[in-house]
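Single-structure report; data block below.
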């Protein structure tokens, strides 16, 4: 046996091809020899394995036999044209960005050749999928020999989820929804305890009433409900304990209630809208009473109740809180309107808050009830304060109610202009009442926050 010893074999011409042996020859590599590939290898997949290219494909391309490709469909569908089939040829593809479920990877056979016995395109639509195909013959064409998912090698024992605005606090992830959305659990935790989430659901606040020259009631705060999982360490509100929720790998629609719009004529305020997560619903805050006769001067019921108005006749009654009833209570009642008819110090009642009743007349300063403070978002924030009431004819800033802690709007006075202030957005605060015909303050929109351990 002859032997040639050289340090390098190069083609005769620049960028040429060097061939080792002739057809039918066998090239033997002795035991202990290491072959290092610093380029792109092709044609080595005849035994069912592909050599993977690290150049990520983001657009349509034609595959080469023996190569595996990472296919990124983030920007759109990608077509992979398969090469002409020869027995033993191998092609492999892998979902690079876990997006094949959104934008598919399409395998396109060469001419009249087949994939799995059919001359049709093959659609790959599973997130994280990897597929190896081997060409067997003209009858079946390309057949799948390996099919796996990235999750098969997943070593993350914690929950993975999407939706809302995502922040972190320590070992916890926090999803904040300030509008409608979907909380999607992509992967549950290995430990059942880590699938129990903490949550806060706050509904939209009620609008304050409007009284032409008398006292109008403040709007009630949106209902406040919270539950704290034992594995998420933070300081919860006194209302914690609404009921444990253990999630599964599914999508949870989120409803965030709108605050009630203020009405522009002397009238009773409108009720806010509910917020919903899973089995938990928080009711919108009740509207504040206005000046008109009959029921229009009364506050309405809700998560927290609206305050009653003060007309020339009877005092307006307060709206009830915690309606419908849940435990712990999602809010408190407002206060009734009061004070002698025509007395400048007569006023409406403050709207109820998450943790306290609205305050009432007869001597003005009818503040909204206090809200609830929780650190579920990573820092202490107050939510669901009741709206302050308006003073009567001749009222001054000293005898109109302030909004309750937690986003409640303040009451307005008279003479004009002294409009009520609205509840703060995404706090569920009730709107302030007014007595200058400018319309009661609108309620603040609600918010939903979900927190869980992620590491």
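Annotations
- Point-to-point label distance, residue 261-residue 74, nm (Cα→Cβ direction, 7 Å offset): 4.1
- DSSP bridge pairs, the chain: antiparallel proportion in percent, nearest 5: 80
- Residues of the range 121-144 with amide N under 17 Å of a point placed 7 Å along Cα→Cβ from residue 156: 127-129
- Share antiparallel - DSSP beta bridges, the range 51-153, percent rounded to 5: 55
- Sorting 186-197, 319-330, 441-452 by their mean Cβ neighbour count within 10 Å, with the most densely packed peptide first, gives 441-452, 319-330, 186-197.
- Measuring r between the beta carbons of residue 60 and residue 9 and using R0 = 41 Å, the FRET efficiency lands at 0.65.
- Going from the residue with the fewest nearby Cβ atoms within 10 Å to the one with the most, 270, 20, 82 rank 20, 82, 270.
- Protection proxy ranking of 239-245, 355-361, by the mean of other Cβ atoms within 10 Å over each peptide's residues and highest first, is 355-361, 239-245.
- Each residue in 159, 200 was given a count of other beta-carbon atoms within 10 angstrom of its own, and listing them fewest first yields 159, 200.
- Note: relative contact order over the chain, using C-alpha pairs below 8 Å and six or more positions apart, is 13 percent.
- Average silhouette area of the chain, convex hull of alpha-carbon atoms, in square nanometres: 31.9
- Amide N of the range 205-235 lying under 11 Å from the label point, which is placed 7 angstrom from the Cα of residue 192 along Cα→Cβ: none
- Using the Cβ-Cβ distance between residue 123 and residue 295 with R0 set to 41 Å, the FRET efficiency works out to roughly 0.10.
- Our note on the geometry: Cα centres of the range 124-142 and the range 238-257, 41 Å apart.
- Pairwise Cα distances in the range 51-153 exceed 17 Å for 46 percent of all pairs.
- Radius, Kirkwood style, for the range 155-284 when every pair of distinct Cα atoms is counted (Å): 16.4
Here, each number is a calculation from the coordinates, and none is a lab measurement. Quick caveat: nothing in here was measured; it's all calculated off a predicted structure. Here Cβ is always computed from backbone atoms with ideal geometry, including for glycine, and neighbour counts include all displayed protein chains.
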